[in-house]
Every structure is written in structure tokens, then in C-alpha cells.
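Worksheet for the structure shown next.
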Amino acid sequence: LIQQANLMKKQIENTFWDPKEQCYRDSIKDNRFGEIISQHTNAYLAIKGVVPPEKLPLILERVFIKPGPENDIIQIDKLRDKFIKHDLLPFNPQKNVLIAQPFFMHHVNKFFDMMNRFDLMFNYFRRGWIPMIQIGKTFTIWETWSNTGSECHAWAASPGYDLPTYILGIKPTEAGFDKFEITPNLADLRWARGLVPTIKGDIWVSWEISERQFFIQFDVPKDSLCEFKCP
């Protein structure tokens, strides 16, 4: 299985890496790259260990930074404001990078954590998810960036995992939370607090920044071992 996995990894690298664009293409036909460059393909290959370490900054730059705010405006803001279905969005593959919809963003956010780019993660929290709560009829999480599909979609509820995991920093290091770590990432926040229920009991974390000092409080289950790592 390991041999087969390594062979597949090599094939993906040789087939889909575009040296001109410095990222992976979504498709190839008749030895020609397809037009689409997407967040999906590049983020997923990265978090699954297919991307060589030296290429991670390249795909971060080309796929997630270089397209700029206009890419988000076209595929999130206008999609939402004009009630356009995500499969009908005015997408130009010559200019735009295809943005992941909320139901895939869990994997993209994992990549942002991997690259320590919580500013990019919070861009989508603020641009994408917060308006769902503010303007949606049900005040719940939508399936796509436009409320033209399901308006209460479990697959799109990635912030419910990402915020306690990456911002509060609560991560199990052994099965059943026998051991876990608290490793907060501050992003651009001044404070954060929350609770994660586990089979061992609730884990509560609260932190804040005051002037040049960092304050944190946490309660952990008595039968678990916690390692704290200061940000």
C-alpha cells in the first residue's frame, strides 16, 4: 500500500503540477491542462502530504493570495447578494481561482492552519459565515455562499470545529482525550473563549491580550493530561 501511495503521489506531481502557474491544475486532457485552478485541489493535496514542502509557499501565494479580494467579491459577495446558485456563478477561469464552498472549507482551513495563515482563515469567517448568521432567514449555516440551497447544512459548519481547534487550540493527542494540548493561535483577536465537550468531560478555555500581556484560564477534566503551549 505504501508503495502504491508513493507511486500515485509521483503521478499526481508529474501530471497536474503546472510549473508556469506554480500550482496544481484540476484536470488534464490530451496532454493539455484544463483551465481551472481551484482552492480545493491545492489545499487537499497539501494537507494529505502530496505537495513537496518547498512547493507549499508557492501554492499559497498563487492560489490564495495572488487572486486578491476581487476573487472573493465575485464568488462570495456577489453570489450571496444576487442569490446566484454556486454552480451558475460568473466564473472566468482565465482570471479567477475557484473558491471552495462552505461544505469544503474544512480542508481549506486545515491548510491555512498548516501554513499559519489565520488571517486568510478569518477572511472567510468574516466575509462568508458571519453574513449567514446576520442576514439569513434561519440564522443558521448555509450549504453554499448563497442561500439558494440548504440553509442549515452540517457539512458547512466548519467554524464549529475550526474555532475551538485552532483559535482556542484544543487538540487531542491521544484517543478519547486521555491526553490533549491547548495551543492557542491569536490570529488578529483580542480575546477568545469557549468550551469543548469530550468523553472525559468539558474543556473550557478563555484567553485575552491586554497591552503586552497574554492571559489564559482553562479547566480540564481530572482524568485527562493536558499540555499547554504558549503562543
Quiz item: List pairs: first in the stretch 149-177 and at positive phi, second small (Gly, Ala, Ser) and crowded, with 16+ Cβ neighbours inside 10 Å, Cβ under 6 Å, 6+ apart or cross-chain?
Solution: Phe177/Ser224
Quiz prompt | Ile199 vs. criteria open to solvent by 60 Å² or more (accessible area, probe 1.4 Å) and either without any contact (Cβ under 8 Å) to a residue 24 or more places away in the chain or of a type in the set (D, E, K, R) (or both) | solution = yes
Quiz item: Is there a residue being within 17 Å of the chain's Cα centre (by Cα), open to solvent by 60 Å² or more (accessible area, probe 1.4 Å) and touching a residue at least 24 places away in the same chain (Cβ under 8 Å) anywhere in the stretch 82-103?
Solution: yes
Practice problem: Enumerate the pairs (first residue in the stretch 28-42 and surrounded by 12 or more Cβ atoms within 10 Å (Cβ to Cβ); second residue anywhere and hydroxyl-bearing (Ser, Thr, Tyr) and in a strand (DSSP E or B)) with beta-carbon separation below 7 Å, excluding pairs fewer than 6 apart on the same chain, so at least 6 apart or on different chains. | Solution: Thr41/Tyr24; Asn42/Tyr24
Self-check item: Selected residue (only one of Phe125, Phe118 is open to solvent by less than 40 Å² (accessible area, probe 1.4 Å), closer than 18 Å to Trp155 by Cβ and aromatic (Phe, Trp, Tyr))
Solution: Phe125
Quiz item: Looking only at the stretch 128-165, which residues are open to solvent by less than 10 Å² (accessible area, probe 1.4 Å) and either out of contact with any Pro (no Cβ under 6 Å at 6 or more places or on another chain) or closer than 30 Å to Leu225 by Cα (or both)?
Solution: Gly128, Met132, Gly136, Trp142, Thr144, Trp145, Ser146, Ser158, Asp162
Quiz item: Checking Gly176 against (1) of a type in the set (Gly, Ala, Ser); (2) closer than 30 Å to Ile36 by Cα; (3) open to solvent by 10 Å² or more (accessible area, probe 1.4 Å), which single condition isn't satisfied?
Solution: (2)
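The values are calculated or read from the model by the stated rules, or taken from the named source; none is laboratory data. Just so it is clear, the structure is predicted and the values come from calculations on it, not from any experiment. Glycine also receives a Cβ, built like all others from the backbone with ideal geometry; neighbour counts cover every protein chain displayed. Surface accessibility is based on the protein's heavy atoms, side chains included, excluding ligands, DNA and RNA. Shrake-Rupley method; radii C 1.70, N 1.55, O 1.52, S 1.80 Å.
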